[in-house]
Amino acid sequence: MTRRSLCAAALLYAALAIQGCAPPPHTPPNADISPATTPDAATIAQVLESPATAQLAASFLRSQNPPTTETPPTLHRSGPHVMVYATNPKFATDPQSPLHNAGTPSYIAIPTTIGPRTDPDTIQLTPTPPYTPQAIATGTEESQAAQALPPNAHLLLDYPSHTWFAWTETQVTAISSSTHTDIKGREFDTTQFKQWLTSR
């Protein structure tokens with residue numbers, strides 16, 4: 001597992017580099033796993049060209065070791081955006097909750113080459129309008145996990161165990177994990193996934 005250096009930022013605060021993967025502040029209580037949840041490419045492009053994203057990218061570059069500066073920093077997308085869902089704690093504790101409620105929208109991940117860095121990093125946007133840029137993480141972990149998604153599946157992240165899943169209306173399949181290294185490929189139905197979430 002590669003630990004990621006996150007640069008969490010809000011418009012009113014200076015960017016802060018931290019280790020690991022922490023949930024962004026906005027996680028709606030109920031998931032809507034329909035394709036309409038994800039904004040289109042034109043909306044993403046507008047957000048990437050915004051002053052808020054440029055400010056966040058500049059803070060990210062200054063936080064690196066060694067720090068670099070580029071004003072304004074150049075941004076080049078290196079792949080499609082990915083909607084990341086986070087496991088919903090209420091799903092695991094409610095016996096009647098269907099698998100549809102296993103996750104909540106967490107953030108939109110966009111692989112992007114930033115400034116002088118040669119390898120792409122990931123810009124994270126809030127999952128709902130106006131899709132505010134909120135953090136930048138080194139590497140493209142989300143995009144790599146999304147490559148394993150079958151059709152009609154969504155990318156689901158269990159933050160406590162840092163485990164990635166492919167999530168559909170009827171099944172959850174493990175993609176990779178930093179703490180459960182033998183889980184790759186394991187499939188769960190609704191009951192099995194609730195049991196896993198409460199025992200992990």
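The values are calculated or read from the model by the stated rules, or taken from the named source; none is laboratory data. Computed from a predicted model, the values in this text were never measured in an experiment. When we count neighbours, we look across all protein chains shown, and the Cβ atoms used for this are built from the backbone with ideal geometry, even at glycine. We work out accessible area using only protein heavy atoms, side chains counted, and drop any ligands, DNA or RNA first. Shrake-Rupley method; radii C 1.70, N 1.55, O 1.52, S 1.80 Å.
Quick look at the values:
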{"quantity": "Subset of the range 179-200 (residues that are assigned to a loop (DSSP other than H, G, I, E, B) and closer than 22 Å to Pro105 by Cβ)", "calculated": "Arg200"}
{"quantity": "Number of positions in the range 157-171 that are assigned to a loop (DSSP other than H, G, I, E, B) and either touching a Phe, Trp or Tyr at 6+ places or on another chain (Cβ under 6 Å) or closer than 11 Å to Phe188 by Cα (or both)", "calculated": "3"}
{"quantity": "Of residues in the range 160-176 being open to solvent by 30 Å² or more (accessible area, probe 1.4 Å) and in contact with a strand residue (DSSP E or B) (Cβ under 7 Å, 6 or more places away or on another chain), the one farthest from Asn88 (Cα to Cα)", "calculated": "Ser176"}
{"quantity": "Qualifying residue in the range 72-91 (condition: closer than 18 Å to Thr140 by Cβ, modelled with pLDDT under 50, in contact with a strand residue (DSSP E or B) (Cβ under 6 Å, 6 or more places away or on another chain) and not polar (S, T, N, Q))", "calculated": "no"}
{"quantity": "Filter result for Glu142 (modelled with pLDDT under 95 and either of a type outside the set (Ser, Thr, Tyr) or over 29 Å from Ser78 (Cβ atoms) (or both))", "calculated": "no"}
{"quantity": "Hits in the range 103-154 (condition: farther than 18 Å from Phe60 by Cα, over 10 Å from the mean Cα position of the chain (by Cα) and assigned to a loop (DSSP other than H, G, I, E, B))", "calculated": "Thr128, Pro129, Pro130, Tyr131, Gln147, Ala148, Leu149, Pro150, Pro151, Asn152, Ala153"}
{"quantity": "Residues located in the range 38-65, provided they are assigned to a loop (DSSP other than H, G, I, E, B), at pLDDT below 90 and either surrounded by fewer than 13 Cβ atoms within 10 Å (Cβ to Cβ) or of a type in the set (Phe, Trp, Tyr) (or both)", "calculated": "Asp40, Asn65"}
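For every residue, the table says whether it meets (1) within 30 Å of Asp189 (Cα to Cα); (2) in contact with an Asp or Glu (Cβ under 7 Å, 6 or more places away or on another chain); (3) open to solvent by 10 Å² or more (accessible area, probe 1.4 Å).
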site	(1), (2), (3)
Pro95	yes, no, yes
Gly103	yes, no, no
Ser106	yes, no, no
Ala109	yes, yes, no
Thr118	no, no, yes
Pro129	no, no, yes
Pro133	no, no, yes
Ile136	no, yes, no
